[in-house]
Amino acid sequence: MNNELPLIIECRCNDSDYRKDNPNCPYSPQEIVQEAVRAWEAGASIFHWHGRDPVNGDWISDVEVYLEAIQGIREKTDLIINPTLNYVTKQSQVSDRVKHILAAKNDPALGIDMVPLEFGSLNIDFWNPQTKQFQTSDQVHISSRAYMQEVLKILKENNIFVSTVCWDVGQIRTARCFQEMGLLSQNTFWEFVFTGEIMPSGILPTLPNLQAVVDSIPVGKPWLVMCWNGDVMHLAAWAITLGGHVGIGLGDYAYNRFGQPHNGELVDKVAKMAHTLGREVATPAQTREILKMPPRVSLPEKLGVTAK
C-alpha cells in the first residue's frame with residue numbers, strides 16, 4: 001500500500017437516470033454546478049457529467065448546455081472537469097461527439113481538462129434478477145476501433161488529456177495497442193468500470209477481478225475503480241488500500257441504502273474511508289501532479305477562486 005499517495009476521488013455526477021430513485025440526481029446546468037460544488041467541498045478533484053434535458057432528463061448534445069455547466073464549475077471551483085463525449089448512436093459522427101469538447105477547448109475562459117474514452121463496444125441490456133429475463137435483448141453501446149482512432153487523433157491534435165475507460169481486460173489490451181500506435185499517450189488515467197447485478201456485461205466487482213485488471217496495465221500507472229449500476233464501496237476500500245483511486249456518484253448508482261444522498265455526501269463517505277484507512281485525499285492541484293497534467297491557474301485566480 002502507498003500511504004503517501006493522495007487518493008483521487010472522481011465525482012460521477014449524472015450518467016444514468018436515477019432521479020426516479022433519488023431526486024438529487026441533477027439535470028440542468030445549474031443543478032450540475034451545484035453538485036460539482038458539493039462534490040468539490042467534500043473532497044472530489046475530478047468531476048464527470050453528461051448533458052441532460054433540464055425537464056425530462058434525456059441525454060442531449062447541446063454545446064450550450066455543456067458550456068454553461070463548465071463556466072459555472074470554473075467560477076466556483078478548481079475541479080478538473082471531465083465531461084462525457086456526446087451520446088453515441090449508430091448514426092453518430094465523430095464531429096458530433098466532440099463538438100462541445102472543442103468548443104470549450106477553444107474558449108480561453110473555459111478550456112477542457114480531460115476527456116474519457118471507452119475502448120470497446122458493450123452489450124447494455126439490463127438483467128432482471130426477479131424475472132430471470134433480460135429487459136431488452138438488442139441494446140449495444142458502439143465504440144468501434146475506427147471511431148476510437150478518429151477521436152484519439154482529434155484529442156491528440158488538441159493536446160487533451162485522455163482518461164482510458166475499460167469495461168474488461170480486452171478493452172485494456174485494445175487501449176495498450178493504441179498506445180503502441182502513438183495515438184494514446186502513455187500518460188493516461190486508467191478507469192476500470194465494474195458493474196452491478198443488473199449489468200452482467202461488465203466486470204464483476206471482486207478482489208481477484210480487480211487484481212486482474214490492475215495487472216493488465218503498465219506497472220505504476222494511476223488507476224481508478226467505479227461500479228456502474230452497483231455499489232462501489234467494497235471496491236473503494238480495496239482500491240484505497242492498494243494505491244488506486246475511486247469514482248462515485250449518482251450517475252452510477254442511487255445509493256438508497258444511505259437515504260437520498262447528493263453527490264457531495266457520497267464523495268464524503270469515500271473521503272472518510274480514505275482517512276480511516278490511512279490515506280489523505282488529493283486536491284485538484286495534487287491530482288494534476290499525480291496524473292502529470294499541466295497546472296491550470298488562470299481562471300480561478302482571475303475569478304478569486306481559492307484552490308484547495
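What follows draws every value from the coordinates through simple rules; no lab data is involved. Keep in mind it's a predicted model, so treat the numbers as computed, not measured. Heads up, the Cβs are rebuilt from the backbone with ideal geometry, glycines too, and the neighbour counts pull from every protein chain shown.
Points to keep in mind about this one:
- Looking at region 125-207, the GluC sites (Glu not before Pro) that sit in a DSSP loop and have at most 15 other Cβ atoms within 10 Å of their own Cβ are GLU197.
- For the chain, relative contact order (Cα pairs under 8 Å, six or more residues apart, normalised by length) works out to 26 percent.
- Magnitude of the charge dipole, the chain, Cβ model with Lys/Arg +1 and Asp/Glu -1, debye to 20: 480 debye
- In Hz, Karplus ³J(HN,Hα) per residue of region 202-217 (6.51, -1.76, 1.60; θ = phi - 60°; x = Gly, Pro): x, 7, 5, x, 10, 5, x, 5, 4, 4, 5, 6, 5, 5, 8, 9
- Pairwise label distance in nanometres, ASN256 with ASN123, each label 7 Å out on the Cα-Cβ vector: 2.7 nm
- Charge sum, other residues only, whose C-beta stays under 11 Å from GLU4's C-beta, Lys/Arg counted +1 and Asp/Glu -1: 0
- Calculated from backbone phi, Karplus (6.51, -1.76, 1.60) coupling profile of region 34-48 in Hz, x at Gly/Pro: 4, 5, 4, 5, 4, 5, 4, 5, 7, x, 5, 10, 10, 10, 10
- Projecting label points 7 angstrom from Cα along Cα→Cβ for ASN159 and TRP59 puts them 3.1 nm apart.
- For region 1-58, applying the loop criterion from DSSP together with a ceiling of 11 other beta carbons within 10 Å to the GluC sites (Glu not before Pro) yields GLU4.
- Residue-wise HN-Hα couplings along region 151-160, as the Karplus relation 6.51 cos²θ - 1.76 cosθ + 1.60 with θ = phi - 60° gives them from phi, are 5, 4, 4, 5, 5, 5, 4, 9, 6, 9 Hz; Gly and Pro carry x.
- Rounded, prolate or oblate (a/c below 1.5 giving rounded, otherwise prolate when a/b exceeds b/c) for the chain by Cα gyration tensor: rounded
- Considering only the chain, percent of DSSP beta bridges that pair antiparallel, nearest 5: 15 percent
- Dividing the helix sum by the residues of the chain, where each DSSP H run of 4 or more adds -39500 (n - 2.57), gives a mean residue ellipticity at 222 nm of -11000 deg cm²/dmol.
- Only one residue of GLY220, VAL232, THR276 has its Cα farthest out toward the positive end of the dipole of the chain, where Lys and Arg carry +1 and Asp and Glu -1 on Cβ, and that residue is GLY220.
- Tally of Lys pairs whose C-alpha atoms are under 19 Å apart, taken over the chain, 8 or more apart or cross-chain: 15
- For ARG52, the residues whose amide H sits under 5 Å from its own are ILE60, ignoring neighbours fewer than 5 places away on the same chain, with H placed 1.01 Å from N.
- Remark on TRP228: its backbone amide H falls under 5 Å from those of PHE194, THR195, GLY196, a criterion applied only to residues 5 or more positions apart or on other chains, H modelled at 1.01 Å from N.
- Rounded, prolate or oblate (a/c below 1.5 giving rounded, otherwise prolate when a/b exceeds b/c) for region 119-242 by Cα gyration tensor: oblate
- Distance between the modelled labels on GLN186 and SER144, one decimal in nanometres: 3.2 nm (7 Å Cα→Cβ projection).
- Backbone N under 15 Å from the SER95 label point (7 Å along Cα→Cβ), restricted to region 145-160: 151, 154
- Reducing region 228-287 and region 159-191 to their Cα centroids gives an inter-centroid distance of 23 Å.
- The GNM of the chain, with springs linking C-alpha atoms under 10 angstrom apart, assigns the highest mean-square fluctuation among ASN86, ASN209, ASN14 to ASN209.
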